[in-house]
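Report on the following structure.
The values are calculated or read from the model by the stated rules, or taken from the named source; none is laboratory data. Bear in mind that the values here come from a model prediction, so they are computed numbers and not experimental data. A quick note on method: Cβ atoms are made from the backbone with ideal geometry, for glycine too, and the neighbour counts reach across all protein chains shown. With ligands, DNA and RNA removed, areas are computed over all heavy atoms of the protein, side chains included. Shrake-Rupley method; radii C 1.70, N 1.55, O 1.52, S 1.80 Å.
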Amino acid sequence: MSKEPINYGYELIINASGCDPSVMNREKLTEFIDELCARIDMNQALVPYFWDEANGGATAKPHLKGTSVFQFIETSNIVIHTLTILEVVFINIFSCKKFDRKVVEQLVRDFFAARHIDSQLIKRTYVANIRERT
């Protein structure tokens, strides 16, 4: 029996600031997800789930107002949180399938008109017990 790290996917974390607030709504975020999935060759599973003032995501703190969306993809998920007044967008893409982070970063710059992007790519691994099947 041996233990070795096994690659189980990648998570790209993007913090984008100086973004255009006019694209931080359900319609535009749906367009973004559709375009993102097309560019990185991911298949959407189910419809996106939104959380905002329209379905209970109201807050008394103006700087926390925005729209969040969760999109299942066949290989895991995409999560986006927007904070309209602060003009920031937070994006997490987790996938067992490889994708090009530069393609994602450029789409974020273009779509959200982001003036600054900070991103981090994490390789998800776990240590498994490898044993013969009986």
Compare the Cα positions of P48, L64, S76 along the charge dipole of segment 7-122 (+1 at Cβ of Lys, Arg; -1 at Cβ of Asp, Glu; about the Cα centre) and return the one farthest towards the positive end.
L64
Would you mind computing, in nm to one decimal, how far apart the modelled labels at A60 and I85 are, each placed 7 Å from Cα along Cα→Cβ?
1.4
Would you mind checking the pairs K28/K98; K61/K98; K61/K97; K61/K102; K28/K97 and listing those with alpha carbons more than 28 angstrom apart?
K61/K98; K61/K97; K61/K102
Treating only Lys and Arg (+1) and Asp and Glu (-1) as charged, each at its beta carbon, one finds that the chain has a dipole about its Cα centre, in Debye to the nearest 20, of 520
Pairwise FRET efficiency - E53 versus I13, Cβ, R0 = 41 Å, nearest 0.05
0.95
With Cα coordinates, the longest principal axis of the chain makes an angle with the long axis of helix 26-39, in degrees rounded to 10, of 40
Would you mind telling me the share, in percent, of accessible area of the chain contributed by carbon and sulfur at probe 1.4 angstrom?
52
Beta carbons within 10 angstrom, averaged per residue: use that to sort the peptides 68-81, 32-45, highest first.
68-81, 32-45
Simple SL model, points at 7 angstrom along Cα→Cβ for E27 and D100; separation in nm is 3.1
What is the list of residues in segment 2-26 whose amide nitrogen lies under 14 Å from a point 7 angstrom out from the Cα of S119, following Cα to Cβ?
10-17
Using a 1.4 Å probe, what is the accessible area per residue for segment 1-101, in Å²?
54
